[in-house]
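Read the figures in this text as sums done on the coordinates, not as results from a lab. Note that this is a predicted model, so its numbers are computed, not measured. When we count neighbours, we look across all protein chains shown, and the Cβ atoms used for this are built from the backbone with ideal geometry, even at glycine.
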Amino acid sequence: MTSAAPARHRTSVVVVGGGQAGLSTSWHLVRDGVDHVVLEAGTAAHEWADTRWDSFTLVTPNWQCRLPGWAYDGPDPDGFMTRDEVVAWLAGYAGSFGAPLRERTTVTALTEREGGGFVVDAVGPEGPETWEADHVVVATGGYHHPIVPPWAPALDASITQVHSADYRNATALPEGGVLVVGSGQSGAQIAEDLHLEGRQVHLALGDAPRVARFHRGRDVMTWLAEMGLYDTAVAQYPGGVAAREKTNHYVTGRDGGRDIDLRRFAAEGMGLYGMLAGGSGTTLTFLPTLTAALDDADAVYTSICRDIDRFIEREGIDAPPGTPYEPGWTPEADPLELDLAAAGVTSVVWAIGYRPDYRWVRVGVFDGTGRPTHTRGVTGVPGLYFLGLPWLHTWGSGRFLGIAADAEHVAGCITGRPTHDTLPAAELARRVSPGPYAAAPSTAPSAATTRA
Ligand SMILES: Cc1cc2nc3c(=O)[nH]c(=O)nc-3n(C[C@H](O)[C@H](O)[C@H](O)COP(=O)(O)OP(=O)(O)OC[C@H]3O[C@@H](n4cnc5c(N)ncnc54)[C@H](O)[C@@H]3O)c2cc1C
């Protein structure tokens, strides 16, 4: 039996992925009349609907939702959209500028064409298809394979295990206590969600830093934006390209936004632990890192507040005084073990990040850890670009705030249209001191990205 020959197409640019990064690129190409197609494995921007929990809210203020031609213009610019509001906000974007979007079309291979350009193999609703293109923009996001430890199957079969990408709400888990592993933005917010639902929560902390929600009368992320932190190229950032390895600060936008203070949760009964070291059956072991993890997270929290204070002083801004953070709970000792059965824990939520998967990109642009090598998304292979990766160019790159500038840059490389630059290093140095904006390295394996 012979399978059907792939339908053959030719275009100038293939954009792979129809999330906010792919659609932003398409907006520029449509504006400049460039023939292109956006191939999307699911539906446009579906990740927001499919991989976020029910009580999810943005951690970034709404005013930072600025895609090309599509900025948040609702009534609450300093608030935080819920999952469903984000989905609704994005729903009309592709249609708003007539993006040439082919949904339910998964790219299975990208190869270089002899003589220049690329061949893109895909499987769409009507079967296999092949695209020839001069340029390819890979905009498939930074979160491909959810990470669970290789020893997770050795846990007792009675324990329900889910990754944060599949967590929806407390009632979807069996009754009983829950261990959340990972204290990045997802882990901390899911632990809070379960805690507020009255579950007995145990949380294994990694080395994520934390940040205040508000300071001196404004949202901290609004201050940081004004200080230029989100516009600064990674190489000029305090600490340099090592920032790419670091876990984002935990904080929440829930109920109008607030700090996540794990010490307060502990005082209210949440069990806190250090880095999870291993486990089998119903017994888990932890490294003695809890005290340091709490202290380090608080140190970053305080240092960011202090840097905002210095900025306010330098710029002569009239702002109300801040309230210094006072730690209300400290561990008596770092716990080293947890017996899930004895503690009544029936589920584990893995919130330890994702591993990238570019096996379908059969072009030599990857480093030894499987990450694409590029400068602001432009690879060493002419015509091949990456977009939407966390810290691709700036802190804003993997978020709503920075994708417009990156998409403009990549589209400009294709069309020749000049683009704007990011904040010069000297201007950043004038605005901020080299504070530890993203304290410790990520706990996830080196080839992994952690959640935003
Ligand atoms: C839990 C969480 C919370 C976040 N919170 C915030 C926040 O508060 N504020 C903020 O600004 N950002 C936040 N982000 C970060 C960021 O905005 C999102 O990750 C965003 O979805 C990235 O957009 P993207 O287009 O780069 O990737 P995605 O939205 O992941 O889109 C990639 C698309 O590519 C498609 N695709 C993948 N492989 C293929 C293939 N082989 N062929 C065809 N299509 C393919 C996928 O189906 C997907 O639709 C958060 C991220 C997470 C995970």
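For this structure, a couple of remarks:
- For residue 332 and residue 152, a Förster radius of 35 Å and the Cβ-Cβ distance give a FRET efficiency of 0.75, rounded to the nearest 0.05.
- Folded to 0 to 90 degrees: helix 400-415 orientation relative to the chain principal axis, Cα: 20
- C-alpha long axis of helix 185-196 to longest principal axis of the chain, angle in °: 50
- Segment residue 171-residue 282, extension gain: residue separation times 0.36 nm, minus the distance between their alpha carbons: 37.7 nm
- Cα centre as origin, Lys/Arg/Asp/Glu Cβ charges: the range 146-353 dipole, Debye: 320
- Average silhouette area of the range 219-270, convex hull of alpha-carbon atoms, in square nanometres: 5.0
- Dipole moment magnitude, nearest 20 debye, the chain about Cα centre, only Lys, Arg, Asp, Glu C-beta charged: 780
- Sites listed here are trypsin sites (Lys or Arg not before Pro) in the range 57-145 whose DSSP assignment is loop and whose Cβ has at most 14 other Cβ atoms within 10 Å: 104, 113.
- Site pair residue 196 and residue 49 shows an inter-label distance of 2.4 nm when each label is modelled 7 Å from Cα along Cα→Cβ.
- Inter-label distance for residue 315 and residue 362, nm, one decimal - labels placed 7 Å from Cα along Cα-to-Cβ: 5.1
- Taking a sphere under 14 Å around the Cβ of residue 43 and counting the other residues whose Cβ falls inside, with K and R at +1 and D and E at -1, yields a net charge of -2.
- Pair residue 5, residue 71: separation of 7 Å Cα→Cβ label points (nm): 5.1
- Cα-based shape type of the chain, given that a ≥ b ≥ c are square roots of the gyration tensor eigenvalues and the cut on a/c is 1.5: oblate
- Inter-part distance where the range 288-349 and the range 30-92 are each reduced to a Cα centre, Å: 30
- Here's how it looks for residue 345: its modeled amide H is under 5 Å from those of 177, which are all 5 or more places away or on a different chain.
- Once the chain from residue 130 to residue 258 is taken as fully extended at 0.36 nm per residue, the excess over their C-alpha distance is 41.2 nm.
- In the range 146-353, the DSSP beta bridges split such that about 35 percent are antiparallel, to the nearest 5.
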